[in-house]
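The values are calculated or read from the model by the stated rules, or taken from the named source; none is laboratory data. All values derive from a computational prediction rather than experimental measurement. Cβ placement follows ideal geometry from the backbone for every residue including glycine, while neighbour counts extend to all protein chains displayed. The protein model used for the area step is the full one, side chains on, heavy atoms only, and it has no ligands, DNA or RNA in it. Shrake-Rupley method; radii C 1.70, N 1.55, O 1.52, S 1.80 Å.
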Amino acid sequence: LLALCLAGCLLAPGCRGAQGRFAYKLLHDLFANYSSALRPVEDTDQALNVTLQVTLSQIIDMDERNQVLTSYLWVRQAWLDAHLAWDKDAYGGIDSIRIPSSYVWRPDIILYNNADDRFGGSMETNVVLRSDGHIMWDSPAITKSSCKVDVSYFPFDGQRCPLTFGSWTYNGNQIDLRNRLDTGDLTDFVENVEWEVLGMPATRNVITYGCCSEPYPDVTYTLLLRRRASFYIFNLLLPCIMVSFLAPLGFYLPADSGEKVSLGVTVLLALTVFQLLVAESMPPSESVPLIGKYYIATMTMITASTALTIFIMNVHHCGPGARPVPRWARRLILHHMARLCCVYEVGESCKSPRQVPGRRAGREGTVGPGESPMEWEVDAEAGGCPRDRCLCHHDGLLRNVGYIAGCFRHHRASQRRTGEWKKVAKVMDRFFMWVFFLMVFFMSVLVLGNAA
């Protein structure tokens, strides 16, 4: 019956007013002779146990260039204040109250690897004070912590960012800082579009610094991150691969088009732009990212292909005065490499013209260099023709035909040499095209294999 009466009193409006009066009285009695400046322990030689729990709510930003991680955390600290305990039966059964955190003593737990220029702490929120003296302080905080960024496998990289919390002035003999759980709380984490959180293990360390002989405990939460590489694959890697496959096609262009060198230079400039985009977001460190290595290798390959294209065009445009193709080049390039690269065009396939029948040997049937058939006719007429005049005209006609045939043979020989050099240039074009195609393919597979 007494219990029913007490329950009814607690539910009555007047009883709730009594609860409020008890709360005011409790607050006045607790802080009448209380000082928030002193560590709340009965024995000053005794260490105060402080438990820490961190909840990761959101990853705001990851600045790889400045190596700063900006995150939104909920920090929960709990400790026992021996001076703030009361008998709840003496105050109407009040078991806990919520008061401003500035009213009570608070441990000076800060983020050791803070990278914020303002060095802001946690938000001034209320604390929950229980009748046995236990205090729980939950405060949200936006922290900027230093994180050593390793971009060796960018954009397929993972990062380990520590968050080290500890007391700034109290050593281990005064505050014994411990982690409540073995890992950070990720139940309320808001997914990030760029980073995937794999875990947040917590470890407790006791370190003796050079300045002091006392040990200083700290709790380190290691944030394990893995980059979501889809954005960088579609915006940086795939365009580079497609542009790289354009470079060997410069060897397939006809040499007379005049666009072979222009294509190589254009591809080289495009890759330079991609390289600059990657370099702007990466920290200036000695470790070159994986995609940067791929860009450098591809640019080196395109530079080599452009230089080879210039050399092959020089071979293609050999004039009539060029030397004949050497025997080793004829056998290696025009025979074996042409068959290997499926180049079946032989260039000039006509045979050399035969000698004119009835052509006389000696000076009569041969026209010397620098002489013309008309000069021979004038000499013959000046010296007189011992034979019939008609036969003399017939010999002059044969000499004219022999001269024309000699010029034609010389022209055909020049065309044959030019055609052979063009054939050499075409075979070299096809050979280097397949070589560079294979190089681009293997470099792409190597990059993806290292990423895996």
Hits in the range 93-122 - residues which are open to solvent by less than 30 Å² (accessible area, probe 1.4 Å) and of a type outside the set (Asp, Glu): Ile94, Ile97, Ile99, Ser101, Val104, Trp105, Pro107, Ile109, Leu111, Asn113
Selection within the range 193-238 - surrounded by fewer than 16 Cβ atoms within 10 Å (Cβ to Cβ), touching a residue at least 12 places away in the same chain (Cβ under 8 Å) and part of a loop (DSSP other than H, G, I, E, B): Val193, Glu194, Cys212, Glu214, Pro215, Arg228
Matching residues, the range 18-56, being in a strand (DSSP E or B) and surrounded by fewer than 18 Cβ atoms within 10 Å (Cβ to Cβ): Asn49, Thr51
Number of positions in the range 290-308 that are surrounded by fewer than 21 Cβ atoms within 10 Å (Cβ to Cβ) and more than 24 Å from the chain's Cα centre (by Cα): 3
The range 387-418 - residue that is surrounded by 15 or more Cβ atoms within 10 Å (Cβ to Cβ) and at pLDDT 70 or above and, of those, farthest from Val315 (Cα to Cα): Asp395
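Which ones in the range 152-190 are polar (S, T, N, Q) and open to solvent by 50 Å² or more (accessible area, probe 1.4 Å)?
Pass one, the range 152-190, residues polar (S, T, N, Q): 152, 159, 164, 167, 169, 171, 173-174, 179, 183, 187.
Scanning the range 152-190 gives Thr169, Asn173, Gln174, Thr183, Thr187.
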Residue within the range 92-109 that is modelled with pLDDT of 90 or more and of a type in the set (Phe, Trp, Tyr) present: yes
Asp138 being more than 29 Å from Gln58 (Cβ to Cβ) and not β-branched (Val, Ile, Thr): no
Scope the range 64-122; condition within 21 Å of Pro162 (Cα to Cα) and touching a helix residue (DSSP H, G or I) at 6+ places or on another chain (Cβ under 7 Å); matching residues: Glu64, Arg65
Looking only at the range 171-217, and only at residues there that are closer than 25 Å to Leu80 by Cβ and charged (D, E, K, R), the one that is modelled with the lowest pLDDT: Glu214
